[in-house]
Amino acid sequence: MLPDAMAPMRICTLIFTLASSLVWAAPHGSSASPASRQSTEKLVFCHFMIGVVDDRTSASDYDNDMQQAKAAGIDAFALNIGIDGFTSTQLDFAYESAHSNGMSVFISFDFNWYSTSNTSGIADTIGTYAGYPAQLLIDSKVFVSSFSGDGLDLAGVQSDLTAHEIFWAPNFQPNNIASADALFNWMAWPNNGDNKAPDAGNNLTVSEGDTSYTTALKGKPYVAPVSPWFSTHFGLEVKYSKNWVFPSDLLWFDRWTEILNLGSQFVEIQTWNDYGESHYVGPLSSPHIDDGNSKWTNDMPHDGFLQMAKPYIAAFHAGSKTVDSHIESDQLIYWYRPTLKSASCGSTDNCEQPWPSPTPNPNYFTGKPNGYDTMEDSVFVIALLTSPGSVTVTSGANGPETFGAPAGASSWQVGMGTGKQSFSLTRNGQKILSGDSLKDIISDCVCGIYNFNAYVGTLPAGASDPLSADGLRSFTNSLSATCQPTPSLGTATGAGTGVVAVPTAVGTNSSALSMIGGTGNSTSSGSGGPQPSAVRIAVSPLQGSGATSSSAVAGAPATTSQTPTTTSSTTAAIMGSGSKTITALSQLFPTNCMHAGFVWGGPPGSDPAAWCNGG
């Protein structure tokens, strides 16, 4: 979410307090005094977009978000709201779930939708939730934030709210402190000073924004921003058309390092669930309505971003300047775009049409997103290590590259190569972590569009995180290429213990699952092309096997990597009959149709693929 009236609502907040008191409100309607504690500890928040979750029907629909955020060390969500009719219902659910799960929440008014003149309405909303148990209070004041809102009469809102004092931390410009208690800086990405990527004449770093705010605040609390990515690619199929990127690459790692040394009282992560701008750190499976973003978020989990942040959050809580002592286990987090910058999507891209109105849209650009050339064609790897080790990365056909990684946190990058992406960690001759990404890098376009979002993976592998049906409902809008609204990644589960379970084709006499041993290398479509759907491949334990992909067993024999794919030849090998059974549309790339001799063996009830020559 950026400061323009067409942008949909989005945010994610992280807050640290150095000298304020955190107070939990008494239960709603209670006259009891709230409990109080000194906030010499630091608090972490993540801003949550209420505007995209109108499909939630109960407080329990928020529980998984609350629990995952809490497990990462986050203390509360900032709830970004507009003026939708479902807002109060969803706020009720969120406040109830937060209370049930030991989290705090607070409201962040989005002034893309709210009017700064509506002081009484804003005061009424604050007053409604001020007494709820999960409401965050600072110095016994109701904590309130915003996106944009310069010109809002803070004193006027306070005068309309006589029962509660407000602790204001709005997203105002640094020259507009007014009566705010703190200010929040939204710009978490390098930019040109005009809400777009840096150019040859204008390159403003995030740390320069820090300086502008801290200088203006003169000791008042500063809400410093941190965000992993930014890419948006909405075409003319929606009314909020916008198409640009901010250079992100290693921003997530570098910015956390800056934050540890910044010493700000508050920090904001952007965001938990802003899928449209690709800066989500929460799960794809978190219930939400697709606003058109699924074309670039399907099969693009960001859970690893949150995993990388976890020891940094612990370091913040402890007041540490470095993260090293807060790394509890070995972990590799990696990310990359699914295609090279040179990919050409031509007429199939959803932003190929010129802007139709004589009044220009400063956020819409034809074809590749504005700023695409500021991104590097690289695979990025973060090593979080308990002791030194060797990190090896193999990107496609490029030869393996090995780096001597120290104990603690370090970042590495290699040039992108099309094909499979492999990663490993060895120490003293022992393989500690090893595995293949579920997402190949391809040379052409994903489902025919320019996709500058990041795919994020981890070793040990994380759980499956597919979009739901609601999260895919707008997938085919303006999509020219043949792609189905279906998650298509393989599924790496557990600790990656080295067995891939592949569904047996319909009509065989085999058992329900055929097991193939390996080193935990899960796979998606073997084609490397657009992946409309695929067999879901689950990594499960192999009884009696010493194979492991996530944590080496001391003294265990070396294992040989055996990476199954979902091509017809592999299916035939699995079935042991030579049959070219097709179980997923992704196996048919690039023709996307069935050839003579193929047999459709997709999931029961699924539609068979069309025949190339009409059957």
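Taking H as built 1.01 Å from N, whose amide H comes closer than 5 Å to the amide H of Trp355, not counting residues under 5 places away?
Counting only residues 5 or more places away or on other chains, the set is empty.
Just the number please: accessible area per residue for segment 294-415, 1.4 Å probe, all protein chains included, in Å². Intermediate values should be presented prior to the final figure.
On the way: 4630 Å² over 122 residues.
It amounts to 38 Å² per residue over segment 294-415.
Under 27 Å Cα-Cα from Lys42, which lysines qualify once same-chain neighbours fewer than 8 residues away are excluded?
Answer for Lys42, where 27 Å is the Cα cut-off: Lys70, Lys141, Lys218, Lys220, Lys310, Lys321, listed by chain and number.
In whole Å, what are the extents of segment 327-426 along the principal axes defined by its C-alpha atoms, from largest to smallest?
That gives 60, 29, 17 Å along the principal axes, largest extent first.
Please work out how much accessible surface Tyr450 shows to a 1.4 Å probe, ignoring ligands, DNA and RNA, in Å² rounded to 10.
20
Can you tell me the convex hull volume per residue for segment 125-260, based on C-alpha atoms, in Å³ to the nearest whole number? Present the calculation step by step, with values, prior to reporting the outcome.
Working: hull volume 22.3 nm³, N = 136.
Enclosed volume per residue, from the Cα hull, is 164 Å³.
What list of ³J(HN,Hα) couplings, whole Hz, do you get for segment 44-52 from phi and the Karplus terms 6.51, -1.76, 1.60, once you set θ to phi - 60° and write x for glycine and proline?
Per residue, the Karplus-derived 3J(HN,Hα) values read 10, 10, 9, 7, 10, 8, 6, x, 10 Hz.
Compute the signed sum of charges (Lys and Arg +1, Asp and Glu -1) over the other residues within less than 12 Å, Cβ to Cβ, of Ile333. Please report the intermediate quantities before stating the final value.
Details: positive: Lys310; negative: Asp303, Asp330.
The answer is -1.
Grab the Cα-Cα distance for Ala407 and Lys220, subtract it from 0.36 nm times how many residues apart they are, and report the gain in nm with one decimal.
Working: separation 187, 0.36 × 187 = 67.32 nm, distance 3.61 nm.
Contour length minus the Cα-Cα distance gives 63.7 nm.
Relative to the compact globular guide of 2.2 N^0.38 Å, what is the alpha carbon radius of gyration of segment 210-364, as a ratio? Display every interim value, and only then the final one.
Working: Rg = 18.4 Å, N = 155, 2.2 N^0.38 = 15.0 Å.
Normalised by 2.2 N^0.38 Å, the Cα Rg of segment 210-364 equals 1.23.
Going Cα to Cα from Lys242, which lysines come in below 29 Å? Please leave out same-chain ones fewer than 8 positions away.
Straight-distance partners of Lys242: Lys196, Lys295, Lys341, Lys368, Lys439.
If amide hydrogens are placed 1.01 Å from N in the peptide plane, which non-local residues have theirs closer than 5 Å to the one on Leu79?
Phe48, Phe106, Ile107, Ser108
I'd like the Karplus ³J(HN,Hα) series for segment 304-314: coefficients 6.51, -1.76, 1.60, θ = phi - 60°, whole numbers in Hz, and an x wherever there's a Gly or Pro.
Whole-Hz 3J(HN,Hα) from phi for segment 304-314: x, 4, 5, 4, 5, 6, 3, x, 5, 4, 4.
Once R0 is set to 22 Å, what does the formula 1/(1 + (r/R0)^6) return for the Cβ-Cβ distance between Asp139 and Ser159, expressed as a FRET efficiency to the nearest 0.05? Write down the numbers at each step before the final one.
Working: r = 19 Å, r/R0 = 0.87.
Approximately 0.70, to the nearest 0.05.
Based on the Kirkwood radius over alpha-carbon pairs, what value in µm²/s does the Stokes-Einstein equation return for the translational diffusion coefficient of segment 356-398 at 20 °C and 1.002 mPa s?
Details: Rh = 15.2 Å.
The calculation lands on 141 µm²/s.
At 0.36 nm per residue, minus the direct Cα-Cα distance, what do Phe86 and Asn202 gain on full extension? Give it in nm, one decimal, please. Numbers along the way, then the final one.
On the way: separation 116, 0.36 × 116 = 41.76 nm, distance 4.09 nm.
Contour length minus Cα-Cα distance gives 37.7 nm.
Would you mind checking which residues have amide H under 5 Å from Ser146's amide H? H placed 1.01 Å from N; only 5 or more apart, or other chain.
Long-range HN contacts for Ser146: Phe109, Asn171.
Using only the alpha carbon atoms of segment 378-477, find the Kirkwood hydrodynamic radius as the inverse mean reciprocal pair distance, in angstroms to one decimal.
On the way: mean 1/r = 0.0654 Å⁻¹.
Averaging 1/r across every pair of different Cα atoms and inverting gives 15.3 Å.
When only C-alpha pairs under 8 Å and at least 6 residues apart count, what is the relative contact order of segment 264-365, in percent?
Numbers: 60 pairs, mean separation 14.7, N = 102.
The normalised contact order for segment 264-365 reaches 14 percent.
Given a 1.4 angstrom probe, what's the average accessible area per residue across segment 124-176, in square angstrom?
Numbers: 1870 Å² over 53 residues.
Per-residue value: 35 Å².
The values are calculated or read from the model by the stated rules, or taken from the named source; none is laboratory data. Everything numeric here is computed off the predicted structure, so don't read it as measured data. Note: ideal-geometry Cβ built from the backbone for every residue, glycine included; neighbour counts use all protein chains shown. Surface accessibility is based on the protein's heavy atoms, side chains included, excluding ligands, DNA and RNA. Shrake-Rupley method; radii C 1.70, N 1.55, O 1.52, S 1.80 Å.
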